[in-house]
Every structure is written in structure tokens, then in C-alpha cells.
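Visitor: Encoded as C-alpha cells, here's the structure I'll be asking about.
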Amino acid sequence: MSIDHWRQAWEQLIAPGSPFEVVTPADGGPRYFRHAPRNLLQVIDAARVHGDKEFVVWQQQRLSFAAYFDAVDRLAGQLAGPLGLRPGERVAIAMRNQPAWLVAFAAIQRCGAVCVPLNSWGLHDELLHGVEDSGARLLIGDEARLALLQDDLAASGRTFIVVGRAAAAKLPAHCLRYEDLLAAAPLPVAAVDIEPQAPALILYTSGTTSRAKGVLSSHRAICQALAALEFQGAFCALTSPERIAGMLSSGFASTTLMAVPLFHVSGLHAQFLSALRGGRRLLLMYKWDAEQALDLIRDERCTQFNGAPVMMQQLLASPRYGGADTASLFGLGLGGGASSAGLLDEMLGRKPQVIAGSGYGLTESNGIGAAVGGDVFAYRPAAAGWPLPIVEVCIGDDPSQPLPAGREGLIWLRSPTLMEGYWNLAEASQQTLRNGWLDTGDLGYLDEQGFLYISGRVKDLINRGGEKISAVEIETCVSDMPGVLEAAAFAVDHPLLGEVVALAIHGAAASLPADQQVLAFIAERLAAYKVPAQVYRVDQPLPRNATGKVLKAELKARLGSV
């Protein structure tokens, strides 16, 4: 297919009468999908038709859609009945990926309450901040999170519903067993009418450099985001018929291996809710491990894996990838960070008929921005993709004065998927949302064909004597070097230049290149002023937060003590 055919397919999908019909409001507001669900209850309840079909697999647990919804309804009955949960109240979830997380989310929505997923990688202070900042009076979590928070929650009178605690074990004050609630006699839940603009979710941003902010999203924003993800799937199928035919003829049931956390949009929206709505099987990993992932792909015949570039790199590095163990794997998705050209080439080269893709979005946009997949991905693998039909992208310091194609600048987004604002942070909300546009903090450009490219972060620039250097550019460059598995560039102080570039690289000790080899490799590809002044060869994986972003402050502190 040519790019003209792709554009025709796009227009066909969003035309009047189509399931993905796009409406342009007369009042000048953002475009939206006419047929998107009205609220998350519609999204969730639509999956009840799948009955006894298998939905969730995690360790020894296997749940059909019917068993899943039985658990959802039982928990919702307890929340709305004895625990008195009312629409609009906040309920936090703090646990690693497991079926109870999925049950808790749907039960909270069933009550018309607001779900507050907390970073299960977080320590005491971060978790307690999320609970107290959101005003959640109920928390559903696992034993590890209870151990961190039980004294604080008891002191404030908050109730903790603990998942997986032994029946014989004594419960702390203000604590209930999740399993006891599910085993109790089922209670009815009154029907709630949820308006599209009602609050649905508070997701805390990763907070790599400051205290995490709560991103408040409405039901409408999330439902529009889910419709955008479905549009991208339909567009990919329409424009990549040979790849889709290969997947369909394999006979494997559509199964997603999910290794990213549920407290992030890539896990919650693009994997859990999309699988629920589409009737697809979901295989949960408690913790990422490339070899275990390959075992699960082999044993459960997983057809789809989406992950951060570092996860994909580890998967591709295994000698098992591309053999019998991954025979069922037809879909690969990238997100959460910039990918090197080498990784993109390897993804396509090792499995030429794979349906590969990537996307760009933020927590503040419910993960929606641009996307690319299938044949279009093979055509422009380094691009973030075309902005989705309900997304407007503007490049420049001010969205009212866009830069021409090819010029790099600040990326602004406008769409119905944007957050309502940061929870209880009016000033920060006003700084980020301006006249309906979201200041992403990312740098990029649109090419002549409308593809969006991400080139770095405004706050991830190194100012070397007045020359601005993108850390991402250096990281993606050196990631193409044999032996380098991970890389992080950052600024270090310099008495004359203000800042210079430092670079940390990680890989197997036997194959990690020497400092001078690294500097020579970069010098051949980038301007001289971008060549690092210091290279650190690190024997441990780089510290990352739950969304896969390198914790550069922690890394710098670690290296400073070496």
C-alpha cells in the first residue's frame, strides 16, 4: 500500500456512519468519537457477554469472564453496602499486578467511585502521600503495602482491604480480608447513572524529580482514549492485510502478555481495559523477567507483547527469541521511552511479518497522542506515528503560533482525552493546560507527511556553554552500539561551560565497550560538543521507576559515591 492508500483508509474509518466517526464541534472544541462509550461502566459491562471464555491468567489463578464479574459484583456489594462507599468518593489500589487489582478497579467503578491507583514500587512516603493527597478512606492492597502503611492508616481511621492474607492470620485494626468479602453472601448494588464528565480516575505521575501529582480524568476522557486505541487497531488491520492474515491463520487465541504495571496508562488503558472490552485473554506478570516472559509466551501461546524499549531489548537479546518459543508472538508494541534505530531494525528484521507498533502519549492525555503500527511502522519505525483522529498537535512555544513542518519545538496536544487537571493543584494545572492545550514538556517535530517525531524533553536538556544537548539523542545513539543494553545521559557541573555531558552505560561485563570506544562511536555520529566528557560503565541495571524511566537523580547520586 502507498501512503495515499493509508490516508484513504484513515478517512474511511472516521467518516460519517463509521463506528469510528469523528465529530468536529461547531463551538470549536476538540474533535471526538461519536460512538465512544458514555462512561467506564458501559466499557466494563459490555464484557459480560464473554461468559465462560478465559480472561485472566496469573500464576496458578485462572478466571473466566463470568468468574471475574462474579468477583467484581461481590466486592462492589461489600463496598457499597457495609463499607458505605458513595459515588465520587476515592478508593486507592496499592498492589502488584494480580487478578484482585482488576477486580478492585471494576468494583470501584461499579459504585460510581473514583479509583486511585498507587505506585506499588513506591515506598512508605510516596504511598502515604497518594492516600492522603487523594483523600481516599479505603485502600485495597497486598500484604507488602499493608506492612508499609498499616500504622498510618489505623491512626487516621482508614480501612485497608488486604489481598492474600492467610485466613488464620490476625488482622490489624481497620483491616479486612479481601477473600472474606468475596466469600460473604452477595449483596445488591444500586444502579448508578454516571455522567461522562464525572471524575473516574486519579493517576499519580511518576514523580522522578519532585513529588508525584495526581492526574484527574473524567469518564469521557478515558472512554475517548479507549476508542482511540481501538481506532488504531482497526487502522493497523486495514492497512496491513498480509500481517493480519498471518496472525488469523495461526489459530492462536488473542492473548496479551502484560508485564507493565496497572497503575500506569499503558497497563490500565492499553492492556487491561482494552482486553476487557475486546474479550481478549490477559496474562499477568508479577514482575518483569525476560526469561520468564519467554516461558510464558511459549507455554500460554501469547500473541501480543507491549513493553518499554529496555524490556523489548532484553527479549530480543535472548537466543530463544525468534525460535519455537515465540512462534505464537505476532504483535510487538513499544512505549514509555525513545527507541534506538538498532532496536527498531532488529524488531523488524528478526520477525519480518510481526505486527509491530509504537505510540506517544502522557498520563495527562490518558496515553493518547500519536500511534503507528504494521506496514506504516515498517515505513516510518522511528516516528511516533500520525496524531490520532481526535488529537491536534502543535509544535512551538505557543499553540497559537505553530512552527512549520520539520522545525523542532515544544509539543502541545489538544483532545477530549486530556485530564481535568492536577488534583488540588490549581496553579500547576493552569501552567500545564492552557486554553485547552496540554504543554507536554516534550520536544519534537512534524515531518512533511504529518508524522510526529519525539526528540527529547524540555527538562532533559544539557546546557553546555549555551549549546542545548538532548539527553535522549545521546542515549539512542549509544544504544545502537554492540554490548550496550542501557544508557542514560545527564548533566554534570563544569567550572567554565556550566554543564557537560556524562553518560552511564550498562551491559554484560564481557561485552561492554571501553570508554574510548564509546566516545569514538558517538563522535562519528554526533556533533563534537555532544560527545560526553565522562563515561561510567555500570555493572548493575540502571535504576528505573515503574514506567521504565531512568531515575537520573538516583543514578547520579550512586555514581557520585563510587
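The values are calculated or read from the model by the stated rules, or taken from the named source; none is laboratory data. Values in this document were obtained by computation on a predicted structure and should not be read as measured data. Don't worry about glycine lacking a Cβ; one is built from the backbone with ideal geometry, like all the others, and counts go over all protein chains shown.
Visitor: With the checklist (1) acidic (Asp, Glu); (2) assigned by TED's automatic domain parsing to the domain that holds Ala527; (3) touching a helix residue (DSSP H, G or I) at 6+ places or on another chain (Cβ under 9 Å); (4) at pLDDT 90 or above in hand, flag the one item Asp480 doesn't pass.
Guide: (4)
Visitor: Output yes when any residue across segment 85-98 is modelled with pLDDT of 95 or more, at negative phi, within 26 Å of the chain's Cα centre (by Cα) and part of a helix (DSSP H, G or I), and no when none is.
Guide: No: segment 85-98 contains no residue that is modelled with pLDDT of 95 or more, at negative phi, within 26 Å of the chain's Cα centre (by Cα) and part of a helix (DSSP H, G or I).
Visitor: Next up: What are the residues in segment 419-435 that are of a type outside the set (Val, Ile, Thr) and touching a Leu at 6+ places or on another chain (Cβ under 8 Å), if any?
Guide: Across segment 419-435, the qualifying residues are Met419, Glu420, Gly421, Tyr422, Trp423, Leu433.
This table checks each residue for (1) within 14 Å of the chain's Cα centre (by Cα); (2) among the acidic types (Asp, Glu); (3) modelled with pLDDT of 90 or more.
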site: Leu294; (1), (2), (3): no, no, yes
site: Gln314; (1), (2), (3): no, no, no
site: Gly323; (1), (2), (3): no, no, no
site: Leu362; (1), (2), (3): yes, no, yes
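Visitor: Does segment 60-71 contain any residue that is among the basic types (Lys, Arg), without any contact (Cβ under 8 Å) to a residue 12 or more places away in the chain and either in contact with a Phe, Trp or Tyr (Cβ under 7 Å, 6 or more places away or on another chain) or not assigned by TED's automatic domain parsing to the domain that holds Asp295 (or both)?
Guide: yes
Visitor: Right, something else. Return the residues of segment 517-562 that are closer than 15 Å to Ala502 by Cβ and among the basic types (Lys, Arg); say none if nothing qualifies.
Guide: Matches in segment 517-562: Lys530, Arg537, Lys552, Lys556, Arg558.
Visitor: Any residue at all in segment 381-402 that's at pLDDT 90 or above, in the same structural domain as Ser328 (by TED's automatic domain parsing), touching a Cys at 6+ places or on another chain (Cβ under 8 Å) and assigned to a loop (DSSP other than H, G, I, E, B)?
Guide: Taking every residue of segment 381-402 in turn, at least one turns out to be at pLDDT 90 or above, in the same structural domain as Ser328 (by TED's automatic domain parsing), touching a Cys at 6+ places or on another chain (Cβ under 8 Å) and assigned to a loop (DSSP other than H, G, I, E, B).
Visitor: Can you spot a residue in segment 524-531 that is in a helix (DSSP H, G or I), surrounded by 16 or more Cβ atoms within 10 Å (Cβ to Cβ) and either not assigned by TED's automatic domain parsing to the domain that holds Met258 or not small (Gly, Ala, Ser) (or both)?
Guide: yes
Visitor: Right, next: So which residues in segment 423-441 are assigned to a helix (DSSP H, G or I) and either in contact with a Cys (Cβ under 7 Å, 6 or more places away or on another chain) or not β-branched (Val, Ile, Thr) (or both), if there are any at all?
Guide: Ala426, Glu427, Ala428, Ser429, Gln430, Gln431
Visitor: So which of Gly359, Gly349 ends up being in contact (Cβ under 8 Å) with a residue 24 or more places away in the chain and either farther than 22 Å from Glu448 by Cβ or not assigned by TED's automatic domain parsing to the domain that holds Glu486 (or both)?
Guide: Exactly one of Gly359, Gly349 is in contact (Cβ under 8 Å) with a residue 24 or more places away in the chain and either farther than 22 Å from Glu448 by Cβ or not assigned by TED's automatic domain parsing to the domain that holds Glu486 (or both), namely Gly359.
Let's see how each residue does on (1) at pLDDT 95 or above; (2) farther than 25 Å from Asp133 by Cβ; (3) more than 29 Å from the chain's Cα centre (by Cα):
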| position | (1), (2), (3) |
| --- | --- |
| Ala173 | no, no, yes |
| Leu176 | yes, no, yes |
| Pro188 | no, yes, yes |
| Leu216 | yes, no, no |
| Ala221 | yes, no, no |
| Ala225 | yes, no, no |
| Thr256 | yes, yes, no |
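Visitor: Restricting to segment 237-252, name every residue that is at pLDDT below 90 and among the small types (Gly, Ala, Ser).
Guide: Ala245, Gly246, Ser249, Ser250, Gly251
Visitor: Within segment 43-59, count every residue that is in a loop (DSSP other than H, G, I, E, B), on the phi < 0 side of the Ramachandran plot and touching a residue at least 40 places away in the same chain (Cβ under 8 Å).
Guide: Residues meeting the conditions: 1.
Visitor: On the basis of being touching a residue at least 24 places away in the same chain (Cβ under 8 Å), part of a loop (DSSP other than H, G, I, E, B) and over 25 Å from Leu362 (Cβ atoms), does Gly342 make the cut?
Guide: Taking the combined requirement at face value, the residue does not satisfy it.
Visitor: Please determine whether any residue of segment 134-156 is of a type outside the set (A, V, I, L, M, F, W, C), within 21 Å of Thr363 (Cα to Cα) and modelled with pLDDT of 90 or more.
Guide: yes
Visitor: Still on this structure, please answer the following. Can you say whether Ile411 is outside any strand (DSSP E or B), of a type outside the set (S, T, N, Q) and in the same structural domain as Asp345 (by TED's automatic domain parsing), as far as the supplied structure shows?
Guide: Taking the combined requirement at face value, the residue does not satisfy it.
Visitor: Out of Val23, Val49, Val56, I need the residue that is of a type in the set (Val, Ile, Thr), in contact with a Pro (Cβ under 8 Å, 6 or more places away or on another chain), at pLDDT 95 or above and not assigned by TED's automatic domain parsing to the domain that holds Leu182. Which one?
Guide: Matching residue, one of Val23, Val49, Val56: Val56.
Visitor: Here's another thing I want to ask about it. In segment 9-19, is there at least one residue being under 13 Å from Cys223 (Cα atoms) and touching a His at 6+ places or on another chain (Cβ under 9 Å)?
Guide: Looking through segment 9-19, none of the residues is under 13 Å from Cys223 (Cα atoms) and touching a His at 6+ places or on another chain (Cβ under 9 Å).
Visitor: Within segment 468-493, can you find the residues that are part of a strand (DSSP E or B) and either in contact with a Lys or Arg (Cβ under 8 Å, 6 or more places away or on another chain) or crowded, with 17+ Cβ neighbours inside 10 Å (or both)?
Guide: Ile469, Ser470, Glu486, Ala487, Ala488, Ala489, Phe490, Ala491, Val492
Visitor: I would also like to ask the following. Looking at (1) under 19 Å from Arg86 (Cα atoms); (2) buried (at least 17 other Cβ atoms within 10 Å of the Cβ); (3) not aromatic (Phe, Trp, Tyr), which one does Asp193 not meet, given that it meets all the others?
Guide: (2)
Visitor: Would you confirm whether any residue within segment 486-497 is in contact with a Ser or Thr (Cβ under 7 Å, 6 or more places away or on another chain) and under 30 Å from Lys287 (Cβ atoms)?
Guide: Yes: segment 486-497 contains one or more residues that are in contact with a Ser or Thr (Cβ under 7 Å, 6 or more places away or on another chain) and under 30 Å from Lys287 (Cβ atoms).
Visitor: Being in a loop (DSSP other than H, G, I, E, B), over 17 Å from Leu128 (Cβ atoms) and either in contact with a helix residue (DSSP H, G or I) (Cβ under 9 Å, 6 or more places away or on another chain) or at pLDDT 95 or above (or both) is the filter here; which residues of segment 157-168 pass it?
Guide: Gly164, Arg165, Ala167, listed by residue number.
Visitor: Among the residues of segment 119-137, are any assigned to a strand (DSSP E or B), touching a His at 6+ places or on another chain (Cβ under 9 Å) and not aliphatic (A, V, I, L, M)?
Guide: no
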